[in-house]
Amino acid sequence: MDQPAEIGRRVQRLRTARGLTQRQLAEPAYTPAYVSTLEAGRVRPSETALRHLAERLGTSYEELTTGRAPHLATELRLGLTDAQRELATGSADEAAVRYRRLLTDAEHLGLPAERAEALLGLGECALETGDLDPARRHFEAAEKLLADEPLPRRARAVRGRAVAHLLAGELRYACYLLESAIDELTSSGLGDPEALLLLHAAVIGPYIDMGAHARAAHAAEFALSLAPRVSDPALVASLHRQVARTFLAEGRTADADASLAEAQSIYRQLRLRTELAHCHWMRGYVQAQDGDLATAERELRTAREMLTAKRAALFTAQVEVELADVLRRQGRYDEAAEMLAALLDLDEAHGAVHAGGAHRLLGLIAEERQELETAEEHYVRALALLERSGASGDLADLCRLLGDLLRRTGRTEAALDVYRTGLGHRAAPGTTTLGPSPAPVRLTH
């Protein structure tokens with residue numbers, strides 16, 4: 001709402017344009033003196049008074065209080081729904097172009113909620129294209145705009161920021177952000193299912209990388225139990241969008257907004273395909289740990305297909321490392337090496353952790369083939385990548401592999417140096433920044 005002086009000038013301008021006196025505008029609920037004081041900007045009018053004046057002036061409450069025609073905000077929300085559809089079913093780059101234009105419009109119109117929505121969309125686009133620093137900045141800006149909102153409204157921003165840190169190799173901090181949000185939801189009684197699905201699905205990655213496999217399995221099971229059940233969500237969302245356009249053309253702004261809210265909810269569910277792919281990935285990882293390599297391969301290939309369809313490059317790379325390891329353990333070295341070769345060019349800002357994992361597996365394959373010099377080259381390259389990322393658990397394991405190789409080839413002193421490096425990176429398996437796992441969740445109905 002604008003300041004009283006600006007609202008007063010707007011009331012006076014509209015009253016004059018319509019040829020009304022102060023008495024005609026005020027009656028029957030208010031006095032001419034009240035309207036005079038209001039037009040002079042010396043009183044902050046109540047919502048009840050402003051709605052009365054808006055009706056008498058033949059305008060909307062929103063336009064009277066902000067100077068903004070209500071259809072502009074609705075058209076902006078319609079644009080956000082279109083951008084969500086593009087991100088859910090099409091190209092992240094094209095969706096980002098839409099979101100940037102909508103962010104500018106939301107800033108111009110002074111709509112903080114729509115600004116936050118555009119920033120969240122830009123963050124999601126940047127995650128899918130692997131631009132981690134911009135992604136983090138977008139999510140932080142959205143979270144700042146939503147600072148006074150309940151946690152379920154901020155969950156997407158928290159989740160996005162955590163995933164950006166995770167993909168940059170900052171595993172413990174990512175886990176801290178997610179566990180903190182889950183615990184806050186639980187302790188506050190705000191067990192919102194969509195927010196919980198987002199947060200639990202996102203925490204699977206850092207749990208796996210930190211060795212907390214039981215927690216990861218529990219998070220995956222819980223997230224899958226919350227998965228939406230929509231037979232054809234894209235069709236339903238498209239219907240709501242078209243209905244919204246029809247209502248908007250008829251001037252039924254409130255009805256259009258209600259249809260848009262339905263469409264936005266469905267498109268958010270569509271984007272949960274990325275989260276559900278993580279759950280399939282976790283199932284595959286657990287099956288691989290149990291030695292059921294055929295089932296593990298099936299689950300990991302499902303996750304890979306889902307993520308490839310979403311063009312989620314870094315998430316796909318994460319799953320491909322796990323799938324290649326399953327292929328290696330089955331003795332299918334050539335298939336595994338071919339899959340890993342595509343991951344070696346990922347740079348430090350776009351997946352160094354996954355490139356490091358690929359080099360590690362190629363080192364294992366070379367060592368099992370007795371190609372020891374090639375194995376050493378891959379281990380050293382993996383070590384350089386992972387040291388920059390801070391993936392301490394992976395570093396400790398890699399130092400053990402390299403140290404064992406050096407010892408086998410008679411370089412005992414060099415092996416000892418590598419072992420000491422590994423001890424410096426070693427962390428207790430299964431620990432996180434917070435220590436205890438998040439408290440059990442009670443869902444609201």
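The values are calculated or read from the model by the stated rules, or taken from the named source; none is laboratory data. Here the structure is a predicted model, which is why all the values come from computation and not from measurement. All Cβ positions, glycine included, derive from the backbone under ideal geometry; neighbour counts span all protein chains shown.
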**Message:** Take Glu376 and tell me if it is at pLDDT 90 or above, within 25 Å of Leu300 (Cα to Cα) and either surrounded by 15 or more Cβ atoms within 10 Å (Cβ to Cβ) or not assigned by TED's automatic domain parsing to the domain that holds Val163 (or both).
**Reply:** no
**Asked** What is the residue count in segment 204-223 for residues that are among the aliphatic types (A, V, I, L, M), in a helix (DSSP H, G or I) and crowded, with 22+ Cβ neighbours inside 10 Å?
**Response** 6
**Complete:** Selection over segment 349-378 where residues are at negative phi and either of a type in the set (Asp, Glu) or in a loop (DSSP other than H, G, I, E, B) (or both) yields a count of 7
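Residues checked against (1) outside the structural domain of Val158 (by TED's automatic domain parsing); (2) at pLDDT 90 or above; (3) within 14 Å of the chain's Cα centre (by Cα):
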position: Leu80; (1), (2), (3): no, yes, no
position: Leu87; (1), (2), (3): no, no, yes
position: Ser91; (1), (2), (3): no, no, no
position: Arg98; (1), (2), (3): no, yes, no
position: Arg101; (1), (2), (3): no, yes, no
position: Leu109; (1), (2), (3): no, no, no
position: Glu114; (1), (2), (3): no, yes, no
position: Ala118; (1), (2), (3): no, yes, yes
position: Gly121; (1), (2), (3): no, yes, yes
**Message:** Looking at Arg328 and the list (1) within 22 Å of the chain's Cα centre (by Cα); (2) among the basic types (Lys, Arg); (3) buried (at least 17 other Cβ atoms within 10 Å of the Cβ), which single condition is not satisfied?
**Reply:** (1)
**Qualifying positions in segment 6-41 - farther than 15 Å from Leu57 by Cβ and exposed (fewer than 13 other Cβ atoms within 10 Å of the Cβ)** = Pro28, Thr31, Ala33
**Message:** Consider segment 294-305. How many of its residues are surrounded by fewer than 22 Cβ atoms within 10 Å (Cβ to Cβ) and in contact with a Leu (Cβ under 9 Å, 6 or more places away or on another chain)?
**Reply:** 2
**Prompt:** Which condition does Leu171 not pass, out of (1) among the aliphatic types (A, V, I, L, M); (2) touching a Ser or Thr at 6+ places or on another chain (Cβ under 9 Å); (3) modelled with pLDDT of 90 or more, if it passes all the others?
**Reply:** (3)
**Asked** Within segment 35-122, which helices (runs of 4 or more DSSP H) (wholly inside it) include 2 or more residues that are among the small types (Gly, Ala, Ser) and without any contact (Cβ under 8 Å) to a residue 24 or more places away in the chain?
**Response** 47-57
**Prompt:** If you check Glu320 against the conditions, is it modelled with pLDDT of 85 or more, more than 19 Å from Ala342 (Cβ to Cβ) and assigned to a helix (DSSP H, G or I)?
**Reply:** no
**Message:** Restricting to segment 19-34, give me the number of residues that are modelled with pLDDT of 90 or more and assigned to a loop (DSSP other than H, G, I, E, B).
**Reply:** 5
**Item:** Ala49 vs. criteria touching a helix residue (DSSP H, G or I) at 6+ places or on another chain (Cβ under 9 Å), among the hydrophobic types (A, V, I, L, M, F, W, C) and surrounded by 19 or more Cβ atoms within 10 Å (Cβ to Cβ)
**Value:** no
**Message:** Quick check on segment 136-156. Is at least one of its residues among the aliphatic types (A, V, I, L, M), closer than 23 Å to Val319 by Cα and crowded, with 24+ Cβ neighbours inside 10 Å?
**Reply:** no
